[in-house]
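K.L.:
Handing you this structure, nothing more for now.
The values are calculated or read from the model by the stated rules, or taken from the named source; none is laboratory data. All values reported here derive from a predicted model rather than from experimental measurement. Ideal geometry is used to build each Cβ from the backbone, glycine not excepted, and the neighbour counts take in all protein chains shown. Protein only, heavy atoms only, side chains kept; ligands, DNA and RNA dropped before computing areas. Shrake-Rupley method; radii C 1.70, N 1.55, O 1.52, S 1.80 Å.
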Amino acid sequence: MVVVAAPNSIQTEKIVSINLPTIDLSKERTTVAKLIVKASEEFGFFNVINHRIPQHIIDNMEEAGFEFFAKPASQKAKLASNYGCKRIGFNGDVGEVEYLLLNGSDSHIAKLSTTISNGPSDF
């Protein structure tokens with residue numbers, strides 16, 4: 001899942017730095033599974049290391065994500081049926097979060113990437 005802050009930020013918005021858990025995929029499989037569950041329950045997010053995804057692919061995906069989320073909402077909705085935008089916040093803390101849910105299969109991501117980006121797909 002890709003989550004990006006809405007382009008219209010609130011002037012009083014505060015960014016809080018936290019230390020997210022780091023999951024090392026080179027560790028034993030059952031250990032990794034337990035760490036993922038714990039990190040998901042406690043934070044909802046985590047960093048992953050030793051995933052063997054080349055940096056140029058990560059860079060290309062980030063660039064395509066920024067290009068996609070910079071488009072007008074109507075265009076994003078037409079390009080990806082799994083795009084969404086929700087208003088969030090409680091007790092006066094308001095904002096928006098945009099998201100694009102991705103199926104984890106290589107073929108699905110490759111197919112979707114051709115609709116949300118004008119760049120080449122080099123998986």
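K.L.:
Looking at VAL32, VAL37, VAL48, which one is at pLDDT 80 or above and surrounded by fewer than 11 Cβ atoms within 10 Å (Cβ to Cβ)?
P.N.:
Only one candidate passes the filter, namely VAL37.
K.L.:
Out of the residues in the stretch 72-84 that are more than 16 Å from VAL97 (Cα to Cα) and open to solvent by 60 Å² or more (accessible area, probe 1.4 Å), state the one that is modelled with the highest pLDDT.
P.N.:
Top of the filtered list is GLN75.
K.L.:
Here's another thing I want to ask about it. Within the stretch 57-71, can you find the residues that are more than 22 Å from ASP24 (Cβ to Cβ) and either hydrophobic (A, V, I, L, M, F, W, C) or open to solvent by 80 Å² or more (accessible area, probe 1.4 Å) (or both)?
P.N.:
Correct list: GLU63, ALA64, PHE66, GLU67, PHE68, PHE69, ALA70.
K.L.:
Looking at the structure I just gave you, is ASN91 over 28 Å from THR22 (Cα atoms), part of a loop (DSSP other than H, G, I, E, B) and at pLDDT below 85?
P.N.:
yes
K.L.:
Which members of the stretch 34-80 meet the condition of being part of a loop (DSSP other than H, G, I, E, B), over 24 Å from ILE23 (Cβ atoms) and under 17 Å from the mean Cα position of the chain (by Cα)?
P.N.:
Passing the criteria: ALA70, LYS71, ALA80.
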